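Engineer: Sharing a structure below in structure tokens format, with a few things to ask.
The values are calculated or read from the model by the stated rules, or taken from the named source; none is laboratory data. Quick caveat: nothing in here was measured; it's all calculated off a predicted structure. Methodologically, a virtual Cβ is constructed for each residue, glycine included, from the backbone with ideal geometry; neighbour enumeration extends over all protein chains shown. Side chains included, ligands, DNA and RNA excluded: accessible areas come from the protein's heavy atoms. Shrake-Rupley method; radii C 1.70, N 1.55, O 1.52, S 1.80 Å.
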Amino acid sequence: MPILCHSNEIAEGKSKGFQIKETFLFAVKKNDAIYVYENTCPHLGIQLEWQPDQFLDIDGSMIQCSSHGALFRIEDGECLLGPCQGQSLIALDFTLVNGQIEITL
Ligand code: FES
């Protein structure tokens, strides 16, 4: 299974982008928990970030799409505000193996 990185490489309250083959994805660490999603906005199917590894809003409380500002809950990827309200990011299953984030694509 592909390894994204060690969970220690993502700072608390921050996000990090990855590419595995053709798939773009990102991980967020919040309250020491890791969440992994496909880097695709449900609104137009494009990538979310405005700068490398910047997937969160200014205070780090929500995932934000840089194109039209959709806001997604970090814990489950649901869009709470914006043009795709009610839709969700695609969560990816992963396991932590000695702290390494291993995903199942
Ligand atoms: S593409 Fe993400 S909000 Fe429009």
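Engineer: Enumerate by residue number the GluC sites (Glu not before Pro) in segment 20-68 meeting two conditions: DSSP loop (anything except H, G, I, E, B), and at most 10 other Cβ atoms within 10 Å of the site's Cβ.
Structural biologist: Taking segment 20-68 and a limit of 10 other Cβ atoms within 10 Å, the loop GluC sites (Glu not before Pro) found are GLU22.
Engineer: DSSP loop (so not H, G, I, E, B), at most 11 other Cβ within 10 Å: list which chymotrypsin sites (Phe, Trp or Tyr not before Pro) in segment 1-98 pass both filters.
Structural biologist: Sparse-neighbourhood loop chymotrypsin sites (Phe, Trp or Tyr not before Pro): TRP50.
Engineer: Carbon-plus-sulfur fraction of the accessible area of the chain, 1.4 Å probe, in percent?
Structural biologist: Taking all protein chains in place, the chain shows 49 percent carbon and sulfur surface.
Engineer: Sticking with this one: Quick check: net charge around HIS43, other residues with Cβ under 15 Å of its Cβ, Lys/Arg +1 and Asp/Glu -1? Could the numbers behind the result be given before it?
Structural biologist: Details: positive: none; negative: GLU38, GLU49, GLU78.
My count for the surroundings of HIS43 gives -3.
Engineer: For the chain, what does the accessible surface come to per residue with a 1.4 Å probe? Please give it in Å².
Structural biologist: Spelled out: the 1.4 Å probe surface of the chain, per residue, equals 55 Å².
Engineer: Further question: Would you rank LEU92, LEU48 by solvent-accessible area, highest first, keeping every protein chain in place and using a 1.4 Å probe?
Structural biologist: Descending order: LEU92, LEU48.
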